[in-house]
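We did not get these values from a lab; they are worked out from the coordinates using the rules stated. Note that the structure is predicted; figures quoted are calculated from it, not measured. Counting neighbours? That spans all protein chains shown, and the Cβs are built from the backbone with ideal geometry, glycine included.
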Amino acid sequence: MNPILVKYKYQDLLSIAAIQGKDIYENELNKLSNLKVFNPDKSLIQVIFATYWDTFKLHFSHLLRPAIIENVEKMIYCKNLSRGYLFFECPSCDNYHLQGLSCHSRFCPSCNQTYRLQRTLAIQSKLMDCPHRHFVFSIAKEMRKYFWMYRGLFDILFQTVNEALHLSIQKTKDDIKLDRRLGIISFLHSYGRDMKTNPHIHALVAERLIDKDQNLSVMSFFPFERLRKCWQYLLLKNVSDYLKVHASKDDYHQFNRLRTFLIKKYKHGFYTYGPQVDKQPSIQRMKQLADYIARYASHPAIAESRIDDFNPVNHTVTWHFDPHEDDHITNEDLKLGRQSITEHVYKFMIKLIKHIPDKGFHLIRYYGFYSNRTTKKPLSIKKILSTSYVLHLKRQINWVYLLKSAYTYNPIRCHCGSLMMLNLDYSFLPNSTKEGFISDA
């Protein structure tokens with residue numbers, strides 16, 4: 001459609017909305033301003049994969065796990081009306097709105113906003129109202145390739161963080177006898193800002209211990225020297241044990257030679273980092289920390305705001321990142337500065353799909369007294385969010401709320417001022433019953 005004609009038609013809609021009042025006019029203005037005819041490049045990742053996916057599959061089929069194919073193809077058709085839509089009609093005029101169905105792909109930047117909010121709220125609803133530590137557990141760069149050759153090692157990474165934290169605090173026989181447990185929430189990040197493969201674990205750890213009799217005690221000191229060595233020892237042992245069963249003999253023996261080399265090279269253990277968040281953190285601070293860590297579990301390896309240009313003529317993508325090294329440098333002259341990368345679109349796509357998790361793989365896991373399976377639950381300490389407030393927040397996580405939050409308009413508010421109503425008879429819901437959809441919605 002000619003953008004000039006579109007703009008002329010929308011001026012009429014704005015005129016009608018203005019009659020209803022300032023709020024209706026601003027809602028309509030924001031709604032129209034966010035239409036694809038005015039913002040065609042809003043979903044660049046979707047555009048890039050829709051353009052190149054068929055040829056990419058032919059050339060790189062050896063790189064494509066079933067989870068990659070499923071998640072990418074869902075994302076390409078996200079909110080495509082040919083795959084289903086909801087029909088909303090205005091009770092006061094003949095206006096209507098078609099809302100394409102979400103794909104629920106773990107690779108979709110749009111759908112994962114909902115996933116991010118859900119995960120963040122799930123984390124916040126578990127957090128105890130006490131100080132926490134934010135730990136980072138890294139591995140030696142020489143080990144990284146094994147995690148991509150044998151993806152089961154990601155489970156080993158989670159398991160080892162839990163084991164290392166608990167082993168590091170067990171100093172006496174009484175500690176072992178009382179079976180004291182921390183509260184740990186772990187998050188897997190498989191990439192760095194430059195999108196290179198860099199598997200590491202972030203962990204939120206409560207500064208509390210609970211013993212077998214459900215008695216709570218304060219745990220404000222973590223022995224970092226011991227923790228680093230526990231982390232190194234357990235990780236190398238657990239990876240070796242896993243490869244002995246699942247890897248080829250050559251890979252297993254190669255890793256054990258590497259294991260000996262790493263013990264000599266990293267005499268003080270592998271890198272761990274865990275400063276105190278605050279002596280007595282505010283609820284808002286804990287919410288922000290949970291959101292910061294969880295966001296990596298809810299979007300592709302690059303945010304779309306970091307994609308500067310897509311050139312389909314030259315088949316290139318330009319994107320940028322700010323190096324981690326600059327975070328700790330105060331002298332501006334010594335900083336590396338923002339790095340801009342221009343590369344072939346296939347290379348860019350390979351970097352992204354590599355980090356798509358397998359079906360059923362959880363990027364966030366709970367251990368100690370935060371685990372759902374444990375019977376050891378602290379009874380004498382309150383959580384940062386009340387149960388009623390959690391339920392209130394859960395009710396807000398829907399597509400209408402998300403659009404209002406991100407783009408400041410209500411998509412089902414008609415320009416005449418009425419609220420549009422869902423009409424399931426006119427909606428197109430393939431592969432699902434209307435009754436089932438109502439319960440999901």
## Note on the structure
Loop-resident trypsin sites (Lys or Arg not before Pro) in segment 120-173 with no more than 11 other Cβ atoms inside 10 Å, DSSP not H/G/I/E/B, are Lys171
### Message
Given a 10 angstrom Cα cut-off, can you work out which residue in Asn162, Asn112, Asn256 is the most mobile in a GNM of the chain?
### Response
Asn256
### Message
Using +1 at the C-beta of Lys and Arg and -1 at the C-beta of Asp and Glu, which of Ile283, Gly368, Phe147 has the Cα lying farthest in the positive direction of the dipole of the chain?
### Response
Gly368
### Query
Using the Karplus equation 6.51 cos²θ - 1.76 cosθ + 1.60 (θ = phi - 60°), what ³J(HN,Hα) coupling, rounded to whole Hz, does each residue of segment 312-326 give in order, writing x for Gly and Pro?
x, 6, 8, 6, 10, 10, 10, 9, 9, 8, 9, x, 4, 4, 6
### Query
What net charge is computed for the residues neighbouring Ile356, neighbours being all others with C-beta under 12 Å from the C-beta of Ile356, Lys and Arg scored +1, Asp and Glu -1?
+4
#### Entry: Distance (nanometres) between label positions extended 7 Å along Cα→Cβ at Asp250 and Thr172
5.3 nm
### Query
If you take the square roots of the eigenvalues of the alpha-carbon gyration tensor of segment 283-332 and sort them as a ≥ b ≥ c, do you get rounded (a/c under 1.5), prolate (a/b over b/c) or oblate?
oblate
#### Entry: Distance in nm between pseudo-label sites at Thr197 and Asp179 (7 Å out along the Cβ direction from Cα)
3.8 nm
## Note on the structure
Cβ-Cβ cut-off under 11 Å around Asp155, Lys and Arg +1, Asp and Glu -1: the net charge is +1
### Summary
Sorted by chain and number, the residues with a modelled amide H under 5 Å from that of Thr316, at a separation of 5 or more or across chains, are Asn311, Val345
### Query
Pulled fully out, how much extra length does the chain show between His392 and Asn311, if you take 0.36 nm times their separation in residues and subtract their Cα-Cα distance?
24.7 nm
### Query
Looking at this model, which pairs from Lys267/Lys354; Lys173/Lys267; Lys126/Lys196; Lys229/Lys264; Lys229/Lys382; Lys126/Lys354 are more than 23 angstrom apart at the alpha-carbon?
Lys267/Lys354; Lys173/Lys267; Lys126/Lys196; Lys229/Lys382; Lys126/Lys354
### Message
As an exercise, identify the trypsin sites (Lys or Arg not before Pro) in segment 373-430 lying in DSSP coil whose Cβ has no more than 10 other Cβ atoms within 10 Å.
### Response
Arg373, Lys382
#### Entry: Spin-label model distance (nm) - Lys9 vs Ser405, 7 Å beyond Cα toward Cβ
3.2 nm
### Query
In a shell of Cβ-Cβ distance under 14 Å around Ser340, excluding Ser340 itself, what net charge do Lys and Arg (+1) and Asp and Glu (-1) give?
-2
### Message
Between Asp54 and Ser102, what's the calculated FRET efficiency when r is the beta-carbon distance and R0 is 25 Å? Round to 0.05.
### Response
0.60
### Farthest positive-ward along the chain dipole, Cα basis, beta-carbon charges - from His355, Phe107, Tyr266
Tyr266
### Message
Give me the dipole magnitude in Debye, nearest 20, for the chain about the Cα centre, with unit charges on the beta carbon: positive for Lys and Arg, negative for Asp and Glu.
### Response
1700 debye
### Task
Could you tell me whether segment 294-401 comes out rounded, prolate or oblate from its Cα gyration tensor? Rule is a ≥ b ≥ c as square roots of the eigenvalues, rounded for a/c under 1.5, then prolate if a/b exceeds b/c, otherwise oblate.
prolate
### Query
How high is the relative contact order of the chain, in percent, counting Cα pairs under 8 Å that sit 6 or more residues apart?
27 percent
### Message
With n ≥ 4 as the cut-off for DSSP H runs, can you work out [θ] at 222 nm for the chain, using -39500 (n - 2.57) per run divided by the number of residues, rounded to the nearest 500?
### Response
-13500 deg cm²/dmol
### Summary
the chain: spread of alpha-carbon positions along the three principal axes, whole Å, largest first, is 77, 55, 53
### Among Val245, Val218, Val161: highest mean-square fluctuation, GNM of the chain, C-alpha pairs under 10 Å
Val245
#### Entry: Cβ charges +1 (Lys, Arg) and -1 (Asp, Glu), total dipole of segment 303-386, debye
1100 debye
### Summary
One finds, for Asn80 and Leu419 with R0 = 41 angstrom and r their Cβ-Cβ distance, a FRET efficiency to the nearest 0.05 of 0.95
### Zone of His362's modelled label, taken as backbone nitrogen in segment 92-110 under 14 Å from a point 7 Å along Cα→Cβ
none
### Query
Along its principal axes, what span do the Cα atoms of segment 27-109 show, with the longest given first and each in whole Å?
55, 23, 18
### Message
Explain nothing, just the number: dipole magnitude of segment 207-278 about its Cα centre with +1 on each Lys and Arg Cβ and -1 on each Asp and Glu Cβ, in debye rounded to the nearest 20.
### Response
520 debye
## Note on the structure
Once the in-chain neighbours fewer than 8 apart are removed, the aspartates and glutamates whose Cα is under 13 Å from Lys177 read Asp211, Asp213
### Query
Does segment 213-266 come out rounded, prolate or oblate, given a ≥ b ≥ c as the square roots of the eigenvalues of its C-alpha gyration tensor, rounded meaning a/c under 1.5 and, failing that, prolate meaning a/b above b/c?
oblate
### Task
Anything over 22 Å Cα to Cα? Flag those among Lys79/Lys351; Lys79/Lys404; Lys265/Lys347, in the order listed.
Lys79/Lys351; Lys265/Lys347
